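Only one structure is covered here, and it is reproduced in the block below.
Quick note: the coordinates plus some simple rules give every number you see, no bench work behind them. The model shown is predicted, which means the values in this text are computed figures rather than measured ones. Don't worry about glycine lacking a Cβ; one is built from the backbone with ideal geometry, like all the others, and counts go over all protein chains shown.
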Amino acid sequence: MKQFEDRVENIKSAKVMNAIRLHEFGGPETLRYEKAPVPELKAGEVLIRVHAVGINPPDWYLREGYKMLPPDWRPEIPLPAIPGTDVSGVVAAIAADVKSFSVGDEVFGMIRFPSYGESAAYAEYVAAPASDLAQKPNGIDHIHAAAVPMAILTAWQFLVELGHNHPNPLQPEMHHPVPLDGRKVMINGAAGGVGHFAVQLAKLKGAHVIAVASGGHESFLRDLGADEFIDYTKNRPEDMINDADLVLDTLGGAETSRFLRSLKSGGALFPVFFGFSDAEEAKKLDITVSMTQVRSDGAQLEELAKLLDNGTVRVAIDSTFPLADAQKAHERAAHGHIRGKIVLTVAKE
């Protein structure tokens, strides 16, 4: 006990930490491993001693200065900035008003998302709103827990429960998940972070799941519960399926319109990334096209943690890299064909 108390005191007195920071926008080479101030706690927050960090597409969007957005949509990001949103670690300190966690608790979460440059997860310490966190499932380690938050919350909020009433910045109407039980659901990009969770959650909710990925992922996806598999390198999925009730396109973008032909009248197309531009065609076919902005939600993670703890939902790890090698991790992400998630590991004291 004395050793634990001494460690807590050391954390409280720490002034600097190791972190990955951006001083300019650009490629993976802009990720610099250096000393940075340990964040100070505000009301409602806990300080996490980070053990692992999950990598997600918004990390490289930030790194690139959100160049994929139209110029007038790009947020102002003060530099230097620390990327990242997904962490798993141990509570090192808590603000006076926080009652839901204690020092020493193992927690995981997606921090302050959506936000721009405020999450700061690529670091040894992260100050996080307690409401963004959940107790880490006992059945998985920190590496697997860090791989979960953004990807599983995206799949859950698209497919099962939105869980908030925030307006969607990308469309005027609210997103509404559709019933999955007994429905035929096709998931494009099924082997990736969002996709491999979506396969499992859709199956759990009673759907007939068609997974779309490259051929090397077939056994992996069938093991997760996929009923059918389409190797997109051999067959165009939109030519193979024409009676789906729902298509979740985890890739999205301009090409997502091709899945209109995979859907039956009255079906739904959910692109995870914006770029859909065939609204008139969708209306003519009586197909609902909808998307949402994933948001931090500790309560949803607490519910999902039960599924992770008992093995109902599994986490796939593509690769791991030390925090200092974040540049290499981003290079791996840029290479594509990822199975599951890429995770940064943080050296423990």
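Tabulated results
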quantity: Cα→Cβ-extended label distance, 7 Å offset, between residue 23 and residue 283, nm; calculated: 5.2 nm
quantity: Kirkwood-based shape ratio for segment 71-129, expressed as Rg/Rh from alpha carbons; calculated: 1.05
quantity: Gyration tensor (alpha-carbon) shape descriptor, segment 94-153, a/c threshold 1.5; calculated: oblate
quantity: Length gained when the stretch residue 168-residue 273 is fully extended (0.36 nm per residue, less Cα-Cα span); calculated: 36.5 nm
quantity: Where labels lie 7 Å past Cα in the beta-carbon direction, separation of residue 72 and residue 42 in nm; calculated: 2.9 nm
quantity: Efficiency of FRET from Cβ geometry, residue 118 and residue 32, R₀ 22 Å, rounded to 0.05; calculated: 0.70
quantity: Kirkwood-based shape ratio for segment 16-130, expressed as Rg/Rh from alpha carbons; calculated: 0.99
quantity: Cα principal axis extents for segment 154-289, largest first, Å; calculated: 40, 30, 25
quantity: Dimensionless Rg/Rh of segment 302-349 - Kirkwood Rh, Rg from C-alpha atoms; calculated: 1.09
quantity: Sorted by Cβ density within 10 Å, fewest first, the residues 124, 76, 331, 106; calculated: 76, 331, 106, 124
quantity: Candidate lysines for bridging to residue 264, where Cα separation is under 27 Å - those fewer than 8 sequence places away on the same chain excluded; calculated: 184, 203, 205, 234, 283, 284
quantity: Pairwise label distance in nanometres, residue 102 with residue 303, each label 7 Å out on the Cα-Cβ vector; calculated: 2.7 nm
quantity: Of 143, 77, 187, the one that fluctuates the most in a GNM where the chain has Cα springs shorter than 10 Å; calculated: 77
quantity: Scattering profile of segment 221-348 at q = 0.13, 0.17 Å⁻¹ [log10 I(q)/I(0), Debye over alpha-carbon scatterers]; calculated: -0.78, -1.16
quantity: Cα convex hull of segment 191-261 - mean projected area over all directions, nm²; calculated: 4.5 nm²
quantity: Pairwise Cα inverse-distance average, inverted: Kirkwood Rh of the chain (Å); calculated: 20.7 Å
quantity: Within straight-line cross-link reach of residue 67, lysines at Cα separation under 23 Å, skipping those fewer than 8 residues along the same chain; calculated: 328
quantity: Antiparallel DSSP beta bridges within the chain, as percent of all bridges there, nearest 5; calculated: 55 percent
